[in-house]
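Heads up, the thing below is written out as structure tokens.
The values are calculated or read from the model by the stated rules, or taken from the named source; none is laboratory data. Quick caveat: nothing in here was measured; it's all calculated off a predicted structure. Every residue, glycine as well, gets a Cβ built from its backbone with ideal geometry; the counts of neighbours run over all protein chains shown.
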Amino acid sequence: MLANHPSVPLGTLHYLSWGHHFGWSRVMESALRAYILLNLIFAVSSESDKAHNELMVKDGYREIGLYKGMIRGETRSMDYPAQQVPHKRFWEACRDIKATSLSGSSSLPGSSNSTKAGGRLSEDFVPLMHLDMHHLDKYLKLNFALLYKYDMVLRECGMEPEWEREIVGLMGYLVKGLKVEHGR
């Protein structure tokens, strides 16, 4: 396996930092954030008819800052953004299902308020993820597969994944007021 090849220092490329970080740990971070946040939105929406109405029927999840931030984070340009490829594909496909701007005005796919030059998503575009549940289900499965493969490669590099730390840290970021100490 490439992780064990003596000429390929894959383990040393896991987390690199020069003021901002990159490396293949970003694959896990992006996939975990999307997987947990989208599942959390659906879990909350299933708690009551009122929650479902506010989040799904009225598209209220689009106003959640963390949802908008996740989309921006997974679709913006940055150094070596290979970890963003599956996420960009998903969000661009959501744009093609129905394009809507932050202002709430509907538009046709590919119109100026949903894309930039070159077909990229614009900064103010917030896609509706729930319009094609089959597409969303495939995306969630893809994220889980990325997490599974990350775990396998990390272990092949002789490192142990710190899932509890990663999940607790992410949940603390996503759920305001949540206080959890991991490892105890």
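Within the range 15-34, the set of residues being assigned to a loop (DSSP other than H, G, I, E, B), of a type outside the set (Phe, Trp, Tyr) and surrounded by 14 or more Cβ atoms within 10 Å (Cβ to Cβ) comprises just one member, GLY23.
Only residues that are free of Cβ contacts under 8 Å to residues at least 40 places away in the same chain and of a type in the set (A, V, I, L, M) were counted across the range 19-41, and they come to 1. Looking only at the range 35-64, filter to residues that are charged (D, E, K, R) and assigned to a helix (DSSP H, G or I); which one of those is nearest to MET152 (Cα to Cα)? Once the filter is applied, the top-ranked residue is ARG62. Quick check on the range 133-156. Is at least one of its residues in a loop (DSSP other than H, G, I, E, B), modelled with pLDDT of 90 or more and farther than 19 Å from ILE71 by Cβ? No, the range 133-156 contains no residue that is in a loop (DSSP other than H, G, I, E, B), modelled with pLDDT of 90 or more and farther than 19 Å from ILE71 by Cβ. The residues of the range 145-179 that are surrounded by fewer than 14 Cβ atoms within 10 Å (Cβ to Cβ) and closer than 23 Å to PHE90 by Cα, listed by number, are ALA145, TYR148, LYS149. Checking GLU29, GLU47 one by one, the residue that is more than 22 Å from the chain's Cα centre (by Cα), acidic (Asp, Glu) and under 20 Å from VAL175 (Cβ atoms) is GLU47 and no other.
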